[in-house]
Amino acid sequence: HKTEKTKITKRLVVSQVARIFDPLGLVGPVVCKAKMFIQKLWKANLQWDDLLPNVLKGQWCGICLNLGCLFRQYQIPRFVLLPGEIKEMQIHGFADASMDAYGACIYIRCETVTGVISTKLLCSKSRVAPLKSISLPRLELCAALLLANLLVMIRKALENTKCANLKEFLYSDSKITLAWIAASPHKWVTFVANRVTKIQNHTGSSIWLHVPSE
């Protein structure tokens, strides 16, 4: 789109972001930035057909430019396994959060009998942090729940394939979140307890591990 000559309004931005079709979340970090920009428009109290101020218009033009480069230059292979006889396959899921957004992604690790190993991104999901301020540990917990829900979807998709019953390793860089998940939900306040209960129900057979932020 020739964004420099277009009358850019909140209605146009929301419409164009909604047109991005990425069901597996393979370009989730880029789409999430676009959704964060929409949230910025809400904070600016713009009406649907108000023209964006020059600063916001410049930011939106930059997002459009990056999206155009992304879809023109990158190709993502959808075959996530390796040819030949498979020795072992594993699921590795990561959850992380910032004050602006949180997300989760799942990788498939595949090893053949000859020792060849491949690790490929299978899917991801992200959410923009709510306008109401929430502490970072709670957002990290929301990311862990997002990962748990994503894992349930992956299990269902793989249940009738040779990839079923994989070992599952889940990672977070938040020691607080991991402590919440490891303990009985009744020990925590309602916000934490509700999410911990769901996480434990979804990931009872999974191994949660700490990964350093760096």
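Quick look at the values:
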item: Selected residue [of a type in the set (Val, Ile, Thr) and surrounded by 14 or more Cβ atoms within 10 Å (Cβ to Cβ)] from Ile117, Ile134, Ile76; result: Ile134
item: Per-region count, the stretch 155-183, residues more than 15 Å from Ser206 (Cα to Cα) and acidic (Asp, Glu); result: 2
item: Residue selected from the stretch 163-184 under the condition free of Cβ contacts under 8 Å to residues at least 40 places away in the same chain and not in a helix (DSSP H, G or I), by the criterion farthest from His92 (Cα to Cα); result: Ser184
item: Candidates Cys61, Cys69, Cys142, Cys123, filtered to the one that is closer than 30 Å to Val189 by Cβ and either over 19 Å from the mean Cα position of the chain (by Cα) or crowded, with 19+ Cβ neighbours inside 10 Å (or both); result: Cys142
item: Options Gln90, Gln47: the member that is open to solvent by 30 Å² or more (accessible area, probe 1.4 Å) and among the polar types (S, T, N, Q); result: Gln47
item: Scope the stretch 185-214; condition within 18 Å of Pro137 (Cβ to Cβ), open to solvent by less than 50 Å² (accessible area, probe 1.4 Å) and assigned to a loop (DSSP other than H, G, I, E, B); matching residues; result: Val211
item: The stretch 40-53 residues that are among the small types (Gly, Ala, Ser), paired with ones that are modelled with pLDDT of 90 or more and open to solvent by less than 50 Å² (accessible area, probe 1.4 Å) (beta carbon under 9 Å, 6 or more apart); result: Ala44/Lys10; Ala44/Leu52; Ala44/Leu56
item: Single residue of Ala97, Ala34, Ala18 found to be among the small types (Gly, Ala, Ser), open to solvent by 50 Å² or more (accessible area, probe 1.4 Å) and modelled with pLDDT of 90 or more; result: Ala18
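Yes or no, residue by residue, for (1) among the polar types (S, T, N, Q); (2) in a strand (DSSP E or B); (3) in contact with a Cys (Cβ under 8 Å, 6 or more places away or on another chain):
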position: Phe71; (1), (2), (3): no, no, no
position: Gln75; (1), (2), (3): yes, no, no
position: Leu81; (1), (2), (3): no, no, yes
position: Met89; (1), (2), (3): no, yes, yes
position: Gly93; (1), (2), (3): no, yes, yes
position: Met99; (1), (2), (3): no, no, no
position: Ile108; (1), (2), (3): no, yes, yes
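The values are calculated or read from the model by the stated rules, or taken from the named source; none is laboratory data. Just so we're clear, the structure is a prediction, and the values are computed from it rather than from any experiment. Here Cβ is always computed from backbone atoms with ideal geometry, including for glycine, and neighbour counts include all displayed protein chains. The protein model used for the area step is the full one, side chains on, heavy atoms only, and it has no ligands, DNA or RNA in it. Shrake-Rupley method; radii C 1.70, N 1.55, O 1.52, S 1.80 Å.
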